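The structure appears below as structure tokens.
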Amino acid sequence: MTISIARKTLIHEWRRFLPATIAIAFSGVLMTVQGALLLGIVGANGLYVTQSKAEYWVGFPGTQSVDLGRAIPASVATNLYAEPAISHVEPVLFGSGDWRGTHGGGGVSVTVLGIDTANDAEALARIIPAPLRNKLSEPGTVLVDIADASKLSTKKGGIAEVNGRSVRIVGYIDGLRGLGGVNVVASRETARNLDHSLPSDGGATYFLYDLKPGTNGAAIQARLNSGTDIRRFEVWSAEELASMTTMYMLLDSGAGIAFIFATLIAVMIGAVITSQTLMGAVAGTVPQYATLRALGVPFDRLRFIVIEQAGWVGLFGFIISLFLSVAIALIAAVYRVPFELRFTIVAAASTVVLLVAAVACLLAIHRLRDTDPATLLR
């Protein structure tokens with residue numbers, strides 16, 4: 001009886017519950033989009049790691065975020081080569097500069113990334129194929145993310161200046177869009193020429209390395225990190241460094257904290273919209289529930305009816321919000337907006353909405369417990 005009554009009520013009173021369904025859908029979209037934007041933005045700084053294929057990164061001890069790395073000496077590479085299980089060592093440079101177009105415009109702050117141009121290089125290997133990487137062997141050539149191209153006032157093949165030195169864009173990459181400035185990828189030699197503060201004696205901002213198959217990477221990492229003298233470097237796995245960077249952006253930067261606050265506000269607004277709309281819809285059907293109460297239906301049975309109605313309304317709202325969220329994610333991908341739609345975000349938003357819906361319906365029906373049904377039927 002419970003199932004049939006709940007469904008029949010929804011079908012018969014669909015106009016009354018339609019606004020609640022739409023409210024739940026848009027509340028879910030609001031929470032999901034805000035959460036996906038939060039993950040996309042805080043994870044953008046970790047793209048240097050996640051878009052590379054190296055298993056381990058070696059950098060300055062105490063580094064909090066990959067973009068805040070400091071130079072380490074060339075002697076660090078000696079420690080790495082001394083490990084027989086390490087199969088590949090590769091230096092990476094992080095510099096900075098000021099981009100200016102030769103035909104006006106520009107004045108953009110850029111991060112200069114110096115990478116290896118060999119075919120087996122692993123820095124940014126997920127987004128820079130070997131043929132495009134080989135083009136960086138020519139001095140003064142650079143790559144930029146296609147999403148940032150409009151900021152630079154220079155098209156592919158065009159000439160610009162970084163710190164007063166000429167560069168030429170030889171191609172575009174996709175997947176390394178900068179949050180504040182622009183990422184400019186070059187060979188290590190070109191990067192040193194553009195930013196003279198970068199080490200020129202074989203040092204680097206990071207050394208990347210891989211291990212031979214069957215090697216205990218955690219043991220080697222622990223051994224490298226357990227030097228008894230003054231620590232000159234620290235080793236992180238790629239996952240650890242990416243996670244560290246995300247947490248720094250999320251919790252230690254003003255932008256991350258502000259975005260968390262905005263996300264919490266979005267959750268509160270979605271919860272209020274959902275609860276108020278559903279409470280109004282259920283309150284409008286109180287006379288029907290009062291009739292059942294007068295006929296002797298136990299209050300616990302009415303509670304189950306209301307919870308099921310909330311579940312159906314929440315389910316339809318979730319389906320609508322899922323389609324809308326996927327559509328927004330596709331639009332974000334077209335415009336290369338940092339938007340990371342994960343199942344966990346969708347599940348969390350749906351759980352919040354469904355719980356709020358159930359509680360709101362129960363609060364709306366609660367006044368039947370101690371009220372004379374005859375009063376409600378007048």
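The values are calculated or read from the model by the stated rules, or taken from the named source; none is laboratory data. None of these values were measured; they are calculated from a predicted model. So basically every Cβ, Gly included, is an ideal-geometry build from the backbone, and we count neighbours across all protein chains shown. Surface accessibility is based on the protein's heavy atoms, side chains included, excluding ligands, DNA and RNA. Shrake-Rupley method; radii C 1.70, N 1.55, O 1.52, S 1.80 Å.
Between 311, 280, the distinction of being open to solvent by 20 Å² or more (accessible area, probe 1.4 Å), at pLDDT below 75 and not basic (Lys, Arg) belongs to 280 only.
Residues of the range 139-178 that are over 19 Å from residue 198 (Cα atoms), in contact with a Phe, Trp or Tyr (Cβ under 8 Å, 6 or more places away or on another chain) and among the acidic types (Asp, Glu): 145 alone.
Of 8, 53, all but one fail to be over 15 Å from residue 314 (Cα atoms) and in a loop (DSSP other than H, G, I, E, B); the exception is 53.
Once the range 159-192 is narrowed to residues that are among the basic types (Lys, Arg) and surrounded by fewer than 18 Cβ atoms within 10 Å (Cβ to Cβ), the residue that is nearest to the chain's Cα centre (by Cα) is 168.
For the range 90-102, taking the residues that are surrounded by fewer than 18 Cβ atoms within 10 Å (Cβ to Cβ) and modelled with pLDDT of 90 or more, the one that is farthest from residue 183 (Cα to Cα) is identified as 98.
Of the residues examined, residue 136 is one that is open to solvent by less than 10 Å² (accessible area, probe 1.4 Å) and farther than 23 Å from residue 338 by Cα. Considering each residue of the range 139-158 in turn, at least one proves to be crowded, with 20+ Cβ neighbours inside 10 Å and assigned to a loop (DSSP other than H, G, I, E, B). Of everything in the range 215-251 that is open to solvent by 60 Å² or more (accessible area, probe 1.4 Å) and at pLDDT below 80, the residue that is nearest to residue 43 (Cα to Cα) is 231. Here the range 205-242 is the region considered, the condition is being in contact (Cβ under 8 Å) with a residue 12 or more places away in the chain, assigned to a helix (DSSP H, G or I) and under 24 Å from the mean Cα position of the chain (by Cα), and the residue that is nearest to residue 70 (Cα to Cα) is 241. Selection of first residues in the range 312-336 that are touching a residue at least 60 places away in the same chain (Cβ under 8 Å) and of second residues that are loosely packed, with under 13 Cβ neighbours inside 10 Å and not aromatic (Phe, Trp, Tyr), restricted to Cβ pairs under 8 Å at least 6 apart or on distinct chains, gives the following pairs, ordered by first then second residue: 336/174. Being assigned to a helix (DSSP H, G or I) and modelled with pLDDT under 75 narrows it down to one residue among 362, 330, 264, 324; which is it? Of 362, 330, 264, 324, the one residue that is assigned to a helix (DSSP H, G or I) and modelled with pLDDT under 75 is 362.
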